[in-house]
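The structure appears below as structure tokens.
The values are calculated or read from the model by the stated rules, or taken from the named source; none is laboratory data. The shown structure was predicted, so the numbers you read here are calculated from the model rather than taken from an experiment. Please note: Cβ atoms are built from the backbone with ideal geometry, for glycine as well, and neighbour counts cover all protein chains shown. Each accessible area value is taken on the protein alone, full model and side chains, heavy atoms only, with ligands, DNA and RNA left out. Shrake-Rupley method; radii C 1.70, N 1.55, O 1.52, S 1.80 Å.
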Amino acid sequence: MIALSLAEITEIVGGQPYDIPDAALKVTGPVVIDSREVGPGSLFVAFAGERVDGHDYAQRAVESGAAAVLATRQVGVPAIVVDDVVRALGALASAVVERLGATTVALTGSAGKTSTKDLIAQLLERKGPTIWPAGNLNNEIGLPLTALRAAEDTQHLVLEMGARYIGDIRYLSSLVPPKIGLVLNVGTAHIGEFGGREQIAEAKGELVESLPSAEAGGVAVLNADDPLVRAMSVRTKARTILFGEADDADVRAENVRLTQNGQPAFRLHTPTGCSDVTMRLYGEHHVSNALAAAAVAHELGMSVDEIAVALSEADTLSRWRMEVTERPDGVTVVNDAYNANPESMRAALRALAAMGTGRRTWAVLGQMAELGDDSLAEHDAVGRLVVRLNVSKLVAVGGREASWLQLGAYNEGSWGEESVHVSDAQAAVDLLRSELRPGDVVLVKASRSVGLERVAQALLDHRTEGEVTGR
């Protein structure tokens, strides 16, 4: 964070200082919510959660070097006390970003946000110092924490915006107003909470509504291949850039194909020229992500050749998202267990089918959460897709939703031992250990709450029986 005195921070957040011997003392370190991450000059933000109250760790934080604590009550150490820590954190982030000259890029979408954010970050980092969130810090706490990592020399600030309710993205955009807003897609993630895709589109479109006018430099980057996203062009005063495979897209892909390893390759077209891209990432779904990143980078002055090279060299920065690891015996483990929705599940299965050409393939799948009334149909459809893609074996892990996956595969023609339903992660590991053969490809994917990353880790770590069930 840029250096601010405790007096300045107190004024920004509208707080009251307590036990602060020197209000001129500056916060020069990071703003953190975990006392274990405190360093010299940090500001420790104390949240009172359901299981852990950060106020209980205030003294430890100061002893570890924190300049002060942002809290909702006095804690016996230097503290700035506010009524609402979340709102205060947001106000601090707004003030810091306002003092910077960085270009803020914000993105949202039902699927692909984190992968696309990672691509944009790797492209823009080649132009100058860039800050982006670790993992998917995309809510009212994670977004300000990311923004507060910006320093005086930061040129680009890349922010991911998530939403569970109408108004969430409008609030996030008010904290750190973006100059460039990117909407990837409108899918079915969180459809159970929103009530339908039109409502999801309403929420995602709040991002482009927040952008400055075209005259003020605002740019909306929209997916030309998604009708609900394309339609958002009428909701913004900003200039609109389209990306996708549509003929009228400003940034588009032609001759899209997958290598024998399942990595996408295509001809990248921009308003200033074309260049070829062969990605290190896995799965055709990354083409759309790459085009979105390319559109942002082109808008910020990168040439088409620079963009193509950067996309071809980009790696996965966030864990458990199509992480591909080959064991010494030739078994390939694809750990995509961070999260799942119907769109990302279909993309991962198609990548598995491409990677597994001429090899046995395994889809180890679990629940896709928060699908509401569509849950049965969506799980059934994924089970059917497994069969249509000729995946060798489905292992459905967990309770009711997993049984729907297996039932869909069965009804599509997966009989005998081609699909199986197991109770938990340990049962899946036991099955895989007994049946995997050298050269097999295993995809592991489910919503984060299922914890199927333990299956992938167990297969790679060769853990002993029983260890996989520990959290």
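So that you can scan it fast, the table gives a plain yes or no per residue for (1) surrounded by 14 or more Cβ atoms within 10 Å (Cβ to Cβ); (2) farther than 22 Å from VAL96 by Cβ:
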| residue | (1), (2) |
| --- | --- |
| ILE33 | yes, no |
| GLY49 | no, yes |
| GLY54 | yes, no |
| ALA58 | yes, yes |
| ALA61 | yes, no |
| VAL69 | yes, no |
For this session: Select, from ALA295, ALA310, ALA340, the only residue that is open to solvent by less than 10 Å² (accessible area, probe 1.4 Å) and under 30 Å from GLY399 (Cβ atoms).
Result: ALA340
For this session: Evaluate the following for SER94: is it part of a helix (DSSP H, G or I) and more than 30 Å from ASP53 (Cβ to Cβ)?
Result: no
Problem set entry | Flag if LEU172 is out of contact with any Ser or Thr (no Cβ under 7 Å at 6 or more places or on another chain) and open to solvent by less than 20 Å² (accessible area, probe 1.4 Å) | yes
Exercise. Of these, LEU317, LEU365, LEU405, which one is under 28 Å from LEU184 (Cβ atoms) and either surrounded by fewer than 21 Cβ atoms within 10 Å (Cβ to Cβ) or touching a Pro at 6+ places or on another chain (Cβ under 7 Å) (or both)?
Worked result: LEU317
Exercise. So which residues in the stretch 226-245 are modelled with pLDDT of 95 or more, open to solvent by 50 Å² or more (accessible area, probe 1.4 Å) and in a loop (DSSP other than H, G, I, E, B), if there are any at all?
Worked result: LYS237
Seminar exercise, completed: Checked pairs for the stretch 121-148, first touching a residue at least 24 places away in the same chain (Cβ under 8 Å), second open to solvent by 70 Å² or more (accessible area, probe 1.4 Å) and acidic (Asp, Glu), C-beta under 6 Å and 6 or more apart or across chains, list as PRO129/ASP153
For this session: Report, by residue number, each residue of the stretch 368-395 that is in a loop (DSSP other than H, G, I, E, B) and either free of Cβ contacts under 8 Å to residues at least 40 places away in the same chain or open to solvent by 10 Å² or more (accessible area, probe 1.4 Å) (or both).
Result: ALA369, GLU370, LEU389, ASN390, VAL391, SER392
Problem set entry | Residue count, the stretch 351-362 (criterion: farther than 14 Å from VAL387 by Cβ, open to solvent by 10 Å² or more (accessible area, probe 1.4 Å) and touching a residue at least 24 places away in the same chain (Cβ under 8 Å)) | 5
For this session: Residues that are of a type in the set (Val, Ile, Thr), at pLDDT 95 or above and touching a strand residue (DSSP E or B) at 6+ places or on another chain (Cβ under 6 Å): find the strands (runs of 3 or more DSSP E) completely inside the stretch 246-336 holding 1 or more of those.
Result: 251-258, 264-270, 273-278, 332-335
For this session: Could you pull out every one of the strands (runs of 3 or more DSSP E) wholly within the stretch 1-77 that has 1 or more residues that are within 33 Å of the chain's Cα centre (by Cα)?
Result: 43-45, 68-71
Exercise. In this structure, is ARG164 in contact with a Ser or Thr (Cβ under 9 Å, 6 or more places away or on another chain), under 25 Å from ALA340 (Cα atoms) and open to solvent by 40 Å² or more (accessible area, probe 1.4 Å)?
Worked result: no
Seminar exercise, completed: Only one of (1) without any contact (Cβ under 8 Å) to a residue 40 or more places away in the chain; (2) part of a helix (DSSP H, G or I); (3) within 24 Å of MET322 (Cβ to Cβ); (4) not aromatic (Phe, Trp, Tyr) does not apply to SER434, and that is (3)
Seminar exercise, completed: Among (1) farther than 30 Å from GLU323 by Cβ; (2) open to solvent by less than 10 Å² (accessible area, probe 1.4 Å), VAL105 falls short only on (1)
For this session: Name, by its number, the condition in (1) open to solvent by 50 Å² or more (accessible area, probe 1.4 Å); (2) part of a helix (DSSP H, G or I) that does not hold for HIS421.
Result: (2)
Exercise. Hey, among the residues in the stretch 443-471 that are at negative phi, part of a loop (DSSP other than H, G, I, E, B) and modelled with pLDDT under 85, which one's least open to solvent (accessible area, probe 1.4 Å)?
Worked result: GLY470
